[in-house]
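Heads up, the thing below is written out as structure tokens.
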Amino acid sequence: MLEDLDFVADEGVTCPLDEDEIYGICELVLAEEGVSRPCFVSVTIVGEEHIHEINHTWRGVDRATDVVSLECERPDDPDLAEGEPCELGDVILAPAYIERQAQRLGTTFPNEFRLLLIHGLLHLLGYDHIEEEDAVVMERREDQLVALACGSGTLGHVTTTRHDEDDAR
């Protein structure tokens, strides 16, 4: 359950979705994942230089990327008191990078952004795609959530979240 969304955008960086839709996608993912604990989520919209710095600092990858997820707590953390809100973490997205990626992949900018927001949220909930078996599980879940978020599944099948071999997020 989404307790609160901290939505921040770097100056001059625009997002293809409004804050209400981002909030709705966060609520959808948490509800569909069965999260009943109140959660705080941060969604940060940044420029390419900023995400390059974040990617380098937190992942050791010296280049820009589309999304980075920084986990804080998990809803099932036994150290959290019953009913205590969970600080889930931060999903950081780079719209300019995502827009070019959407053009390259033949999808729309808003739909690619929706997919990557869902992707980032699933990482905060413990999903990963480093091992092929885990990637299959994560991509299947993304397909389901994208279909719900878009109302019709207009993105089609997501191939392992379309990550490059060079950039396993």
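Every number here is computed from the coordinates shown, using simple stated rules; none is lab data. Computed from a predicted model, the values in this text were never measured in an experiment. So basically every Cβ, Gly included, is an ideal-geometry build from the backbone, and we count neighbours across all protein chains shown.
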Problem set entry | Average Cα contact separation per residue, the chain, under 8 Å, 6 or more apart, as relative contact order % | 21 percent
For this session: Let me have the 222 nm mean residue ellipticity of the chain computed from DSSP H runs of 4+ only, each contributing -39500 (n - 2.57), with the sum over all residues rounded to the nearest 500.
Result: -14000 deg cm²/dmol
Exercise. Mind checking the dipole of the chain: about its Cα centre, +1 per Lys or Arg Cβ, -1 per Asp or Glu Cβ, Debye to the nearest 20?
Worked result: 640 debye
Seminar exercise, completed: Non-local residues with an amide H under 5 Å from the amide H of F7, with H modelled 1.01 Å from N and Pro and chain starts lacking one, are V43
For this session: Pick out which of E142, E19, E133 has the largest mean-square fluctuation in a Gaussian network model of the chain, springs linking Cα atoms closer than 10 Å.
Result: E133
For this session: Quick one: among T65, T14, T57, which has the greatest mean-square fluctuation in a GNM of the chain with alpha-carbon springs under 10 angstrom?
Result: T57
Problem set entry | Inter-label distance for D4 and E49, nm, one decimal - labels placed 7 Å from Cα along Cα-to-Cβ | 3.1 nm
Problem set entry | FRET E, pair L105, C72, Förster distance 30 Å, beta-carbon r, rounded to 0.05 | 0.50
Exercise. What would the Debye formula give as log10 I(q)/I(0) at q = 0.14 Å⁻¹ for the alpha-carbon point model of region 1-140, no solvent?
Worked result: -0.65
For this session: Would you mind ranking E33, E73 by Cβ crowding within 10 Å, fewest neighbours first?
Result: E33, E73
